[in-house]
Amino acid sequence: MQRIFSFIFFFFFALTYSSCQKNQPLNSPGSSLTETDSFKLYWYNGQAEINSYQLSQSRYGETREGSAVIIFVTEDFSEKKQVKLDDQPQSGDHKISVMKMNFTKNFITGIYPYSMMLSAFTPIQINQYPATLKLTMSSQEWCGQVFTQLNWRNKKYSIQSNSYFEKEGDVQSTVTAVLLEDELWSRIRLQPDKLPTGKVTLLPGLFYTRLLHTELSPQEVDISKKETSDGWLYTIQFEGNTRALAITFEKTFPHKILGWEEHFTERGKSVTTKAVWKKTLRLDYWTKNKNEFTYLRDSLALQR
């Protein structure tokens, strides 16, 4: 009789424990942010998050006023082909969900304009797919254009770089898969509590390396994260104090990026590039491509 009672007790205990586990709030301390209801409702509702910033970009040793836009949106991505999937039913088991970041900068140097864009494709399930799968950057100005693409394959990044500058030219190379500076923006949105800190090997950002014409190779950095009155301050300090990038983001979900400040040496003097958040708009912008939707740029404080 005692055995039967013990069995019944443990049966109901297990049932109750299992039920509690299933009904446990997804926002609990043990849960990953990407598994929470809040994350799913915000990022899987068929809309993108568009953020505009007032940009002060240093170029040729002078500060240029301009604008920056960072767009975050989730989409289905082919791990094998490393492109956005068009034919969903035929995608097979290589379909994964990524956070796509499109980052643009526009500013003018004297008479001619710069237009720069960077895209990063970072898997939502970071624990299963720990590396950003693809990174691209293009820059256009009146002297010419450059393009760089990184693809993650076999624990390495294959790099294709094309430039109108003679010393850069057209190059193909590989680098051991390390943390990318350009993926940190997405990781802030995905796992702000698990951002890397301390001594880290990092591949510098493509905007910086192309504008300053520096070699694209891993560097040792010191990363810190501290709480401020404005939010979290995430700072990447490069060796020899040659460069520092500090990103400020919200303490609470959805951890919007509020701005950044970058210090480096250009043409022999210390300069600063910074950006301050202006507006955020959430919508399916890819369906808003008719003239009648031009007014939406006003909502982002962008020029028409």
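Derivation of every value follows stated rules applied to the coordinates shown; laboratory data play no part. Keep in mind that what you see is a predicted model, and the values were worked out from it rather than measured. Neighbour counts are summed over all protein chains in view; Cβ atoms, including those assigned to glycine, are modelled from backbone coordinates with ideal geometry.
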Legend entry - Test result for Glu168, in contact (Cβ under 8 Å) with a residue 24 or more places away in the chain, more than 17 Å from the chain's Cα centre (by Cα) and not in a strand (DSSP E or B): yes
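Listed here are the residues, each with its yes/no results for (1) in contact with a helix residue (DSSP H, G or I) (Cβ under 9 Å, 6 or more places away or on another chain); (2) under 27 Å from Tyr44 (Cβ atoms); (3) of a type in the set (Gly, Ala, Ser).
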site: Thr109; (1), (2), (3): no, no, no
site: Met116; (1), (2), (3): yes, no, no
site: Tyr129; (1), (2), (3): no, yes, no
site: Leu133; (1), (2), (3): no, yes, no
site: Gly144; (1), (2), (3): no, no, yes
site: Thr148; (1), (2), (3): yes, no, no
site: Asn154; (1), (2), (3): no, no, no
site: Val171; (1), (2), (3): no, no, no
Legend entry - Residues of the stretch 241-289 that turn out to be basic (Lys, Arg) and touching a Ser or Thr at 6+ places or on another chain (Cβ under 6 Å), as a count: 3
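Let's see how each residue does on (1) within 30 Å of Ala244 (Cα to Cα); (2) out of contact with any Phe, Trp or Tyr (no Cβ under 9 Å at 6 or more places or on another chain); (3) surrounded by 13 or more Cβ atoms within 10 Å (Cβ to Cβ); (4) polar (S, T, N, Q):
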site	(1), (2), (3), (4)
Asp37	no, yes, no, no
Lys40	no, yes, yes, no
Gly46	no, yes, no, no
Asn51	yes, no, yes, yes
Gln54	yes, no, yes, yes
Arg59	yes, no, yes, no
Gly66	yes, no, yes, no
Ile71	yes, no, yes, no
Inset, instruction - Check whether at least one residue in the stretch 164-178 is in contact with a Leu (Cβ under 6 Å, 6 or more places away or on another chain), surrounded by 18 or more Cβ atoms within 10 Å (Cβ to Cβ) and within 22 Å of Ala246 (Cα to Cα), and report yes or no. - result: no
Inset, instruction - Tell me, please, whether a residue that is touching a Pro at 6+ places or on another chain (Cβ under 7 Å) and either crowded, with 17+ Cβ neighbours inside 10 Å or among the charged types (D, E, K, R) (or both) can be found in the stretch 137-154. - result: yes
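Matching residues to (1) in contact (Cβ under 8 Å) with a residue 40 or more places away in the chain; (2) exposed (fewer than 14 other Cβ atoms within 10 Å of the Cβ); (3) within 30 Å of Gly144 (Cα to Cα); (4) of a type in the set (Gly, Ala, Ser):
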{"residue": "Glu215", "(1), (2), (3), (4)": "no, yes, yes, no"}
{"residue": "Pro218", "(1), (2), (3), (4)": "yes, no, yes, no"}
{"residue": "Thr235", "(1), (2), (3), (4)": "no, no, no, no"}
{"residue": "Lys256", "(1), (2), (3), (4)": "yes, no, no, no"}
